[in-house]
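Contents: one structure, followed by commentary.
Quick note: the coordinates plus some simple rules give every number you see, no bench work behind them. As the structure is a computational prediction, the values presented were derived from the model and not from experiment. Glycine gets a Cβ as well: all are built from the backbone with ideal geometry, and neighbour counts include every protein chain shown.
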Amino acid sequence: MEVRDVHHVAMAVEDLDEAVAAYERLFGARVELRGRMDEQGVEAVYLKVGGGRIELVSALAEDTPVGRFLAKRGPGMHHVAFEVPDVAVAMGELAANGVEVIDPEPRNGLGGHEVAFVHPDSLHGVLAEVIGG
């Protein structure tokens with residue numbers, strides 16, 4: 001599988017506005033893109049920090065994946081995203097190699113990117129996102 005780059009590291013936060021303000025103030029982060037993805041139950045923001053990018057995600061409700069994550073683990077690292085040329089091809093290759101995929105087919109992510117997730121059991125406890133670039 002061809003990986004172009006680490007696209008972002010994502011943090012789950014309880015108060016998105018408060019978290020954005022903290023990253024701006026403390027690290028000079030700049031908002032690159034912000035959006036709401038009702039079908040995933042999150043509001044998210046990409047922040048540029050130096051030459052890298054982080055994503056902050058907050059739950060729209062307690063009964064969403066991020067809402068359950070926050071209730072169980074509290075705020076913190078949520079996932080790492082790997083940029084690939086073709087998400088569907090990458091997920092097919094991962095599945096063929098015995099990886100447990102959460103999304104066998106890509107779905108829409110922040111900014112219209114195609115995304116799919118790999119179960120943390122396949123990556124030593126880390127949730128991974130595969131994102132089209």
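Which entry in [x] 24, 17, 13; [y] 28, 26, 9; [z] 29, 14, 13 matches semi-axes √(5λ) of the Cα gyration tensor in Å derived from the coordinates of this structure?
For semi-axes √(5λ) of the Cα gyration tensor in Å, the calculated option is [x].
Sum -39500 (n - 2.57) across every DSSP H segment of at least 4 residues in the chain, then divide by the residue count to get the 222 nm mean residue ellipticity, nearest 500.
-7000 deg cm²/dmol
First check a/c for the stretch 48-121, with a ≥ b ≥ c the square roots of the eigenvalues of its C-alpha gyration tensor; if it is under 1.5, answer rounded, and if not, answer prolate when a/b is larger than b/c or oblate otherwise.
Note, shape of the stretch 48-121 comes out oblate.
Quick check: pseudo-label points 7 Å beyond the Cα along Cα→Cβ at Glu39 and Lys72, how many nm apart are they?
Each label point is offset 7 Å from its Cα along the Cβ direction, giving 2.4 nm.
So in the chain, what percent of DSSP beta bridges are antiparallel if you round to the nearest 5? Display every interim value, and only then the final one.
On the way: 29 of 38 bridges.
Percent antiparallel among DSSP bridges in the chain is about 75.
Between the stretch 102-121 and the stretch 9-48, what's the alpha-carbon centroid distance in Å?
18
Quick one: angle between helix 87-96 and the longest Cα principal axis of the chain, in degrees between 0 and 90, rounded to 10, please.
60
Could you list the GluC sites (Glu not before Pro) in the stretch 50-106 that lie in coil according to DSSP, counting only those with at most 16 other Cβ atoms within 10 Å of their Cβ?
Values: sites: Glu55, Glu62, Glu83, Glu93, Glu100; in loops: Glu62, Glu100.
For GluC sites (Glu not before Pro) across the stretch 50-106 that sit outside H, G, I, E and B with at most 16 neighbouring Cβ atoms in 10 Å, the list reads Glu62, Glu100.
Given labels modelled 7 Å from the Cα in the Cβ direction, how far is it in nm from Glu32 to Leu60?
2.3
Only Lys, Arg, Asp and Glu count, each charged at its Cβ (+1, +1, -1, -1), so figure out the dipole size of the chain about its Cα centre, rounded to 20 debye.
So the magnitude is around 420 debye.
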